[in-house]
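Worksheet: the structure to be examined is printed underneath.
The values are calculated or read from the model by the stated rules, or taken from the named source; none is laboratory data. Quantities reported herein were computed from a predicted structural model and do not represent experimental measurements. Here Cβ is always computed from backbone atoms with ideal geometry, including for glycine, and neighbour counts include all displayed protein chains. For the accessible areas, the whole protein counts, side chains as well, though only heavy atoms, and no ligand, DNA or RNA atoms are used. Shrake-Rupley method; radii C 1.70, N 1.55, O 1.52, S 1.80 Å.
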Amino acid sequence: MESQRAGAVLGTADVVILGAGPAGLVLGNILRTAGIDCVILERAARAELHTRARAGFLAANTVRILDRHGLADGLRRHGQQHGTCEFRTDSGRFRLDYGSLGRRERHTVYPQQDLVADLLARYEGAGGRILFASEALAVTDADTDRTRPSVSVRAEDGRPGRWQGRYVAGCDGRHGAARRSLPPGAVRRHHLDLGVSWLGLLAEAPPSLDAIGYAVHARGFAGHMARTAEVTRYYLQCARGTAAGDRSDEWIWDELELRMRAAEHGPLHRGRFLQRMVIDLESDVLEPLRHGSLLLAGDAASLLSPSAAKGANLAVLEAELLADALIAALRHGSTGGLDGYSARCLAHVRQAQRFSQWMTRLLHGLPHAPGRGEPLSPYHEPLQKRPCLDTLRTSPAEQDWFAEQYVGI
Ligand code: RFL
């Protein structure tokens, strides 16, 4: 890790947290409540955090973690309980009431930007320090936990400066400064491209069915997920390289209705698209999630494709594990938690990843023959999805397994 340092020391904290997403804010809140001195540096302006729509499905364990730390008031008040998904195929549709199967747990649907707003209000209300429009540029001097790491920052006024801490928590996502600052060879990167892309859409339209909808169609996958009474997320599988603005709204709605078989099962409520983005389904996990006094959590540590809605849930779980380890180290000088942090997280990440990949295959089949990059012949493609969907439709054991994996983390 390079040791050049730029600018004046702007401040110090025991833990300098990069990023105010779910990971950084859960971490900041738990540390703050435990009386640990911390600061959050966030690249975006405050207003941006309130409008950045991403996740919505929170696992029961995520709600338990947030509850444990008094962070679940908003989602308890306004979140919707969700326990059913509906699969639509060319042989009809079937519903799985996963909330009454397996561990009998449900999702809480609560938009990520609302969760972020709650976490922020709670953190600032308790006197937590956060600097907006402050982009971390690099983490230096983090090679061992005996040195004091520094974070160079471009502050709101454009002037360079740096923050010093005893630990730096990289919660700044996959393209953040924490990942960029890791010296070559310090960690291994496990990247897996699943070969599938989705057009991710947020529509100003009420949900069109009272379940999560997964449509498997010869033209590609389409998905429906409620967000609020007025807003619905849709996904439409698209060719790799598609640009988000390539198609008209009308084309997209027609295509969603075609793949979701609206003619058979009822039309979709149409509305303006508030957001369009192309998502290449991939996972990108680092190992270990620590380099000296730099520790990674959330998407910075373990990015998973959104096919099983695990990312924000993992971010919250990792933040709690990291907070516990940092509190033990800073309060009691006990560094065992930090030493075991990475292995503990990666066990959960692998489990979530295994299910995410299973979901990807269930919904899309395998686009290429494994390892060869050859397109599948038409003979193989239905073989990939059909047996999985048929087994899920008919086997109670498979349905219990699905329910446990789908809502678990
Ligand atoms: P975030 O939320 O990206 O927050 C990182 C923060 O760091 C800031 N930042 C920096 N700050 C300072 N200096 C820098 N150099 C910085 N670089 C970046 C950013 O501005 C930001 O505020 O990461 P975090 O906290 O790790 O949380 C991860 C989740 O956001 C992510 O995993 C989920 O959104 C994934 N995901 C879903 N996860 C679920 O559990 N359930 C879902 O239903 C679900 N749906 C989704 C999703 C992700 C999606 N996208 C965007 C691919 C749906 C979609 C469409």
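Brief remarks on what is shown
- Placing one equal scatterer on every Cα of the range 212-335 and applying the Debye formula, the log10 ratio I(q)/I(0) at q = 0.09, 0.17 Å⁻¹ is -0.41, -0.94.
- Sites A263 and R386, calculated FRET efficiency, Cβ-Cβ separation with R0 30 Å, nearest 0.05: 0.85
- Principal-axis analysis of the Cα atoms of the chain puts helix 380-394 at an angle of about 90° to the longest axis.
- For the range 1-145, the average shadow cast by the Cα convex hull is 12.7 nm², which is a quarter of the hull's surface.
- When you filter the trypsin sites (Lys or Arg not before Pro) in the range 187-274 for DSSP loop state and at most 14 other Cβ atoms inside 10 Å of their Cβ, you are left with R219, R240.
- With respect to the chain, whose longest principal axis is taken over its alpha-carbon atoms, helix 311-332 is tilted by about 20°.
- Assigned charges on the beta-carbon of Lys, Arg, Asp, Glu; the chain dipole about Cα centre (debye): 360
- Contour minus Cα-Cα distance for T51 and A244 (0.36 nm per residue): 67.6 nm
- Each stretch of four or more DSSP H residues adds -39500 (n - 2.57); spread over every residue of the chain, this sum gives -11000 deg cm²/dmol at 222 nm.
- Taking the square roots of 5 times each eigenvalue of the Cα gyration tensor of the range 1-77, largest first, gives ellipsoid semi-axes of 28, 17, 11 Å.
- For the chain, the carbon plus sulfur part of the accessible surface works out to 48%, probe radius 1.4 Å.
- Those trypsin sites (Lys or Arg not before Pro) in the range 108-151 that DSSP places in a loop and that have at most 11 other beta carbons within 10 Å: R146
- Maximal additional length on extending the R331-R219 stretch stands at 34.7 nm, based on 0.36 nm per residue less the C-alpha distance.
- Along its three principal directions, the equivalent ellipsoid of the range 124-252 from the Cα gyration tensor extends over semi-axes of 40, 21, 15 Å, largest first.
- Debye intensity ratio I(q)/I(0), log10, the chain, q values 0.10, 0.14 Å⁻¹ (C-alpha model): -0.69, -1.25
- Cα convex hull of the range 195-280, projected area averaged across orientations, nm²: 5.1
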